Structures are given as structure tokens and as C-alpha cells.
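What follows is one structure encoded as C-alpha cells, with my remarks underneath.
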Amino acid sequence: MPAPILIAGGGIGGLTAAVALRRAGFEVEVFERAPEIREVGAGIAIQPNAVLALRWIGLDRAVTEVSCVEEALHLWTAGGDLLARLRPREIVPDVPFLSLHRATLQKVLLEALGPGGVHTGCECVGFEARPDGVTLVLRDGRRIEGAALVGADGVHSRIREQLLGDGEPVYAGYTAWRAVTPEGFAPRPAGSSETWGRGHRFGIVPIEHGRVYWYATSNAAPGGHDKPGALHDSLLRNFGSWHAPIRELIAATPESAILRTDIFHRHPSRRWGRGRVTLLGDAAHPLTPNLGQGACLAIEDGVVLADCLRAIPDLATALRRYETLRRRRTAGIVLRAWHLGWIGQWESPLACRLRDRIVAWTPGAFNRLQMRRLFRFTSFTNSLPAPED
Ligand SMILES: Cc1cc2nc3c(=O)[nH]c(=O)nc-3n(C[C@H](O)[C@H](O)[C@H](O)COP(=O)(O)OP(=O)(O)OC[C@H]3O[C@@H](n4cnc5c(N)ncnc54)[C@H](O)[C@@H]3O)c2cc1C
């Protein structure tokens, strides 16, 4: 039997790559640090470009069936004035814009991968590369032989550290809290929205089972912690006077369900791989969450990687082709996301007033053009039919 392709990290990127590679006929083994794949994270937006990528591996319908379809995205001021509205269907009529719990998406991917696809409790600490293969080294000392290695181990990737040695990612200057309300939150918000204040933002995304995913960002020093029992008060201090139902969403969510994550990114790099080792998802191109595209791009990466490996017989050549295609697609999005977050987190009252005016005056056609570029997905071998055809 040929040696498997090894994937370090069983997040959305690693799991999508595993499914795509198996469907392309490769043996795959995923090594995940967490002791089990649990209900982690909060909600997630899966935008049309990722839905198109999922179509290539026959999973778009399965994911759509368990998601909410977003008909409108709104941008508000803290006082409740509408700054912009976007209807995804006006941009891509045939492909939905979805939102769902991250764990629901992971479940669909795990089911598609089948039993035994992921080895949990396996922390990857390094690798040894040879021209004809790779040895992955685990924390417990085990050494796993593979034909190639994909580092999909997230923003603080160990595989990247050894491969590129380009230091830690850069703190963006703000931290994020995110959570999902218990089922049946009422009244249900009409569509997704983001609200901009001064140094703070708040997002609302209805998801499946009558739940609402919300997130909040605030300018803060990195590495901060919330005092147990004081989080509701601290969030309400910043967001409690904002438009409805922001106060209600915070109040309806148990403190234990609120996650805090410092936001990091990296300037796009010119290299992601060497020989039979490559990177994928946040390990390759970590971006701030301002465009809701990190997981979407990780899904695209997994599909394009499998497509390149299927079409190009030499493994190292296929990996370099994958990297070239994906660098071209992701670099601009990483920079756009950083820029949007920088503007969104402004604190100066004058600058914020000007910002809000400019956003409100920006023609809808311009916004639609920007989003059309974002929602586009092209695989490597466009001529290959999607599996369901
Ligand atoms: C507040 C916030 C909101 C977001 N909202 C959206 C959104 O709406 N839409 C969207 O597309 N994106 C969103 N993102 C971005 C998205 O979460 C990430 O881009 C995405 O999860 C990247 O997937 P990944 O598989 O590359 O990495 P990860 O999801 O980080 O997965 C990496 C996996 O590797 C494992 N791992 C780490 N180190 C090791 C190791 N040494 N050995 C073995 N396993 C290891 C981890 O346990 C994890 O399971 C958001 C991010 C944040 C912070």
C-alpha cells in the first residue's frame, strides 16, 4: 500500500483536505492534538466561495441542509442607523451564503471522512523530510511515515515554525468574544449584522436550531483574561447601550459559553512549503476574521490541494502548484481583512463619524463588485466534473 499523506491538525482545513484527498483516491491520516473532536468554537459563516468548493467534494448539499441561509447582511452604527445592506443572492443567485455552528460543520466533514480518519490526542512536534517521504514526529515519541505532510495546525502552527521559522504571528490590536445563545432566543434577529462603535464592534448571526451566534471585538492588550463572574458586566459596559438585541443577546448567554480569542494575522508570505511538506488554512495564511473568510479559504485550500495532487503525478511539483494558486488567491484577502479590521476598530470620534459617512455613501454596486471577487472559487482542473455530476 502506498504511504499515506499526513495531515497535522483536524480543524476545518485539515478535515476538508482529508475528505478531498480521500475522494481523489489518496490514503490520508489526520493527527489532531485535542483528545477528542468536541463541540468547540461558536458560529461560522460559510460564504458562497466555500460552498462552491464543497460542491467539488459533494458536500455542499449536506452542509446547506444543516445551515441557515443568509438573505441579507447589514452594517449598523451603535445607535441603530443602517450604514450598508448586502443581499448575497444579488451577487451569486445560485449559491447560498450559509451560517451554522462550527461543530455542525465539523460533524458533516467527519461523517464524510468515515471512521478512523482522525487520530486524536496526537500532538505533532516536528518532522523529518526526505526527497521520497516525510516522518512526522508526535509529542509521545511516535514517528509516522508518510508520502507528504500538510501542516493544517492553525495560526500557531508547529509545522510552519520548523518549515519557515518566521516567528510568531502579529497581534492585530483587538480581542474577540464569541458565543452561541441557547436554543429559542427570541425575537429572532432578521438576518446577520455587524455594528460599528469606537474601538468596539458587535456581530449577530442567526444559526440553526433557533440559536444566535454573536461576537464582540474590543481594542485591548494581548493575553488578557476576564475575571470569572465579571464578564457579563464588562461586556455590558461596552455594548449594553447599543441597539437591540445586543444587550439581550449578552444577557441570554451563560458566561461559560463565551470564548475569548486574541486576533492574529500574518503578512502574506512568499513561501509555504519545501519538498513534500506544505501548509494549509491558518497555518499558511492566518487572517483577521473581519471578512468571515478564514475557514472558507481553508476549505478552498483543501479542495485545490487534492485537485493538484490528483492532476500532477509528482508530489513535490503538485504541492508547489497548489501553493502558487493559493498564494495568489489568499494574499489580497488577508490584506483586505486586516485593513477592514483596522478601520472598524478606530476610536477617534471624528474619524469614526467620517468613516461611517463614507461607508453609508459608498454605492451598493461597489460593495457588490468587491464581494463578487470574494465569492469566486476556481479549482485547479476546472474541466473535472464535481463528484455529484
Ligand atoms: C472570532 C472569530 C470569528 C471567525 N469567524 C469566521 C467565519 O464566520 N467564517 C470563516 O470562514 N472563518 C471565520 N473565522 C476564522 C476561522 O475560524 C479560521 O480561519 C479557521 O478555523 C482556520 O481553520 P484551520 O483548520 O486552518 O485552523 P484551526 O481551525 O485553528 O484548526 C487547527 C487544528 O489543529 C490542531 N492543532 C494545533 N496544533 C497542533 C499540533 N501541534 N498537533 C496536532 N494538532 C494541532 C488544533 O487543535 C485544531 O483542531 C473566525 C475566527 C475568529 C477568531
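Taken together, the values in this text are just the output of simple stated rules run on the coordinates, not laboratory data. Note that this is a predicted model, so its numbers are computed, not measured. All Cβ positions, glycine included, derive from the backbone under ideal geometry; neighbour counts span all protein chains shown.
Among Ile343, Ile57, Ile46, the largest mean-square fluctuation in a Gaussian network model of the chain, built with springs joining Cα atoms closer than 10 Å, belongs to Ile343.
Would you please state which residues of segment 3-38 a label at Thr381 would reach in this model, taking the label point 7 Å out along Cα→Cβ and a backbone N cut-off of under 18 Å? Hits in segment 3-38 for Thr381 at 18 Å: 5, 17-28.
Taking Trp338, Trp361, Trp56 in turn, the Gaussian network model of the chain (Cα-Cα springs below 10 Å) assigns the largest fluctuation to Trp361.
Just checking the listed ones, Ala221, Ala129, Ala148: in the Gaussian network model of the chain with Cα springs under 10 Å, the one fluctuating most is Ala221.
Of the DSSP H helices in the chain, those that are both long (alpha-carbon extent of 20 Å or more along the helix axis) and hydrophobic (Kyte-Doolittle mean at least 0.0) are 294-311. Fully extending the segment from Arg372 to Trp342 would add 8.6 nm, taking 0.36 nm per residue of separation and subtracting the current Cα-Cα distance. Each label was represented as a point 7 Å from its Cα along the Cα-to-Cβ direction; for Arg61 and Ala257 these points are 3.2 nm apart. Placing pseudo-labels 7 Å out from each Cα toward the beta carbon at Leu82 and Asp314 gives an inter-label distance of 5.7 nm.
For the pair Tyr171 and Arg130, label points projected 7 Å from Cα toward Cβ lie 4.3 nm apart.
Our summary gives the chain a relative contact order of 23 percent, counting only alpha carbon pairs under 8 angstrom and 6 or more residues apart.
In the chain, the DSSP beta bridges split such that about 70 percent are antiparallel, to the nearest 5. Taking trypsin sites (Lys or Arg not before Pro) across segment 1-48, the ones in a DSSP loop with at most 11 further Cβ atoms lying within 10 angstrom of their Cβ are Arg38.
A DSSP coil position with no more than 15 other Cβ atoms inside 10 Å describes the following GluC sites (Glu not before Pro) in segment 1-72: Glu27, Glu36, Glu39, Glu71.
Here r is the Cβ-Cβ distance between Arg271 and Leu236 and R0 is 56 Å; the resulting FRET efficiency, rounded to 0.05, is 0.75.
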